[in-house]
Structures are given as structure tokens and as C-alpha cells.
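The structure appears right after this line, and notes come after that.
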Amino acid sequence: MLTIGEFSRLTQLSVRTLRRYHEGALLEPAVVDEATGYRYYSLDQIPTAQVIHRLRELDVPLGDVQRILRTPDPEVRAGLVADHLQRLEAELDRTRAAVVSLRRLLRPDPAPIAVELRAEPARTVAAVEAVVRHGDVASWFAGAMAELGAAVGTAVTGPPGGTFENALFEQERGRALVYLPTDAPPRTGRVHPVTLPAVELAVTTHVGEHDGVEVTYGQFGTWVIENAMSVAGPVRERYLVGPADAEDPEAWRTEIGWPVFRVS
């Protein structure tokens with residue numbers, strides 16, 4: 001048996017950490033002396049202590065650590081760890097996107113934004129639409145696009161797109177619509193034909209991951225105001241190049257179209 005000090009030296013975990021693991025029911029000593037309260041550990045607890053330490057370094061919640069340690073099936077344990085790693089990777093992606101946005105915002109002389117005015121004719125597309133919360137847009141979007149892709153198949157005639165009501169941004173809840181252009185829009189499940197009305201658009205292109213699109217929106221809105229225009233109707237987006245087309249986020253292109261009319 002090893003004293004807590006000896007076990008600490010062998011695992012390179014502090015005594016304080018080992019006590020915290022004990023109190024959290026992550027790693028209980030092999031023996032606790034009832035008279036003195038001293039903790040004693042066995043040699044075969046060393047790997048367990050090191051596994052706990054690595055999991056906590058990855059910010060795995062205590063409850064998940066307990067489930068991983070108590071699961072005898074190696075495949076189930078591996079699945080629990082993989083799920084957390086995926087969450088970490090998603091968090092890293094969000095952090096990276098936020099850093100990119102901050103760098104653009106703090107740039108002393110941002111590059112001028114390129115905008116064109118365009119008349120879009122009415123067209124009928126295959127669409128999925130719903131009233132969604134702003135925080136749920138990403139997951140809803142992924143499911144809707146997957147359903148559209150399965151319904152339309154290879155009959156797509158252009159890049160996917162979407163329209164988003166102003167209320168989605170102003171009230172954090174509003175109607176969102178995503179679509180695939182096709183000559184014969186099907187009607188199956190949530191997928192149905194929708195006619196996008198003819199519209200005058202101010203159009204610009206956002207480069208990179210969609211998480212940083214708010215910077216482009218801010219620059220775009222500034223251009224609209226400075227050019228004496230007013231936004232009317234839902235924002236339109238077209239996903240010219242996305243994750244399905246290129247692995248490198250720097251190659252992604254999102255076209256943003258704001259319905260506008262001149263006010264002077």
C-alpha cells in the first residue's frame with residue numbers, strides 16, 4: 001500500500017487533487033484508516049489516476065468521467081470519449097471563428113466591401129421552412145439541407161440557398177427557409193415547392209466560415225445606409241462554396257442578398 005504522498009509522487013498528481021478525486025467519488029483510496037483518516041492507495045490504481053487526470057485536462061464533466069471509469073465495455077468507453085472530443089472540436093471551431101471575426105473587426109483599415117445591385121427574377125425551388133429560434137438555426141439548417149438533398153438528389157440546378165426573416169435576428173425567433181433549385185421541386189416530408197418572388201437585391205460575398213458572417217453583415221449594412229438604400233424583406237443567402245465542396249474554410253463563399261429600394 002502507498003501513502004497519499006507516495007501515490008502523489010508516482011502519479012505526479014498533487015495531494016490536493018487526489019483528495020478532490022476522492023471527494024468526487026472518482027478515485028477512492030484502497031483503504032482509509034478509520035482512526036487517522038489517512039488514505040492509502042494500491043499500485044494498480046496508478047493507471048486509473050492518470051486516466052482521470054487526462055480526462056479532466058480535456059474538461060470532461062465529472063459525471064462523464066465516472067461513467068467512463070465504471071463502463072467495462074472498451075467500445076462504450078471509447079464512444080463516450082469520442083463524443084466529448086467532438087464537442088471539444090466544435091468548441092475549438094467556434095473559438096477560431098471568433099478570433100477571425102475579432103481580427104477583422106480590429107483591423108485599422110478594413111478592405112472595402114464589394115457590392116453589386118441585381119434584379120432577381122421569381123423562381124420556384126424545393127424548400128423546407130419553419131419558425132425557429134436563432135440559437136437553433138445551425139442544427140435546423142443541417143437537418144433541412146439533408147432532407148432536401150435526399151429529396152432532390154442529382155436534379156439540383158444551382159447552389160443551395162436560404163431566406164431569413166428580420167424577426168429571426170431582431171426577436172431571436174422567426175421564419176427560416178432553405179432551398180435547392182431544381183426544375184421539378186418534389187413534395188415529400190417537409191420538402192415542398194416554394195416560389196421566391198422577384199426582387200431587387202444588393203449583393204456581396206462573405207469569404208470563409210459562416211460563423212464570422214456577422215462582420216460582413218455589418219460592413220454590408222454600412223454600405224446600404226451610406227448609399228441611401230433601405231432594407232425591405234427577408235435576407236437571402238446562397239451557399240456558392242461550402243463544406244461539401246471544399247475542405248478548406250478559406251475557400252467557402254456565401255453570397256448575401258438584401259432586398260433594397262432607394263430612399264433618395
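The values are calculated or read from the model by the stated rules, or taken from the named source; none is laboratory data. The structure displayed is predicted, hence computed values, not measured ones. Note: ideal-geometry Cβ built from the backbone for every residue, glycine included; neighbour counts use all protein chains shown.
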Subset of region 15-31 [surrounded by 13 or more Cβ atoms within 10 Å (Cβ to Cβ) and either touching a strand residue (DSSP E or B) at 6+ places or on another chain (Cβ under 6 Å) or polar (S, T, N, Q) (or both)] = T17, P29, A30
List every residue pair whose Cβ atoms lie under 6 Å apart, where the two residues are 6 or more positions apart in sequence or sit on different chains, the first residue falls within region 233-249 and is touching a residue at least 12 places away in the same chain (Cβ under 8 Å), and the second residue, located anywhere, is of a type in the set (S, T, N, Q) and outside any loop (DSSP other than H, G, I, E, B).
-> P234/T163; R236/T163; E237/T254; Y239/T254
With respect to the numbered conditions (1) free of Cβ contacts under 8 Å to residues at least 24 places away in the same chain; (2) part of a strand (DSSP E or B), which one is the sole condition not fulfilled by T195?
-> (1)
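Please verify whether region 95-109 includes one or more residues that are modelled with pLDDT of 85 or more and exposed (fewer than 12 other Cβ atoms within 10 Å of the Cβ). Explain how you work it out, then say what you get.
Filtering region 95-109 for residues modelled with pLDDT of 85 or more gives none.
No, every residue in region 95-109 fails to be modelled with pLDDT of 85 or more and exposed (fewer than 12 other Cβ atoms within 10 Å of the Cβ).
Where residues in region 221-249 are of a type in the set (G, A, S) and modelled with pLDDT under 80, which of them is surrounded by the most Cβ atoms within 10 Å (Cβ to Cβ)? Reasoning before the result, please.
Just the residues of region 221-249 that are of a type in the set (G, A, S), to begin with: 221, 228, 230, 232-233, 242, 244, 246.
Those left that are additionally modelled with pLDDT under 80: 228, 230, 232-233.
Values: A228: 9, S230: 13, A232: 12, G233: 16.
The qualifying residue surrounded by the most Cβ atoms within 10 Å (Cβ to Cβ) is G233.
If you take the residues in region 1-51 that are in contact with a Phe, Trp or Tyr (Cβ under 6 Å, 6 or more places away or on another chain) and assigned to a strand (DSSP E or B), which one is farthest from L62 (Cα to Cα)?
Restricting attention to region 1-51, the residues satisfying the condition of being in contact with a Phe, Trp or Tyr (Cβ under 6 Å, 6 or more places away or on another chain) are 1-2, 7, 27, 29-31, 41.
Those left that are additionally assigned to a strand (DSSP E or B): 2, 31, 41.
On the way: L2: 25, V31: 22, Y41: 21 Å.
Looking at the filtered set, the residue picked out is L2.
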What is the residue count in region 157-176 for residues that are buried (at least 16 other Cβ atoms within 10 Å of the Cβ), more than 19 Å from the chain's Cα centre (by Cα) and either over 28 Å from A246 (Cα atoms) or hydrophobic (A, V, I, L, M, F, W, C) (or both)?
-> 2
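Can you name the residue in region 56-73 that is surrounded by 12 or more Cβ atoms within 10 Å (Cβ to Cβ) and of a type outside the set (A, V, I, L, M) and, of all such residues, is farthest from E89 (Cα to Cα)?
Narrowing region 56-73 to residues surrounded by 12 or more Cβ atoms within 10 Å (Cβ to Cβ): 56, 58, 60, 62, 64-69, 71.
Among the residues that remain, those that are also of a type outside the set (A, V, I, L, M) are: 56, 64, 66-67, 71.
Numbers: R56: 16, D64: 17, Q66: 22, R67: 21, T71: 24 Å.
Looking at residues that are surrounded by 12 or more Cβ atoms within 10 Å (Cβ to Cβ) and of a type outside the set (A, V, I, L, M), I get T71.
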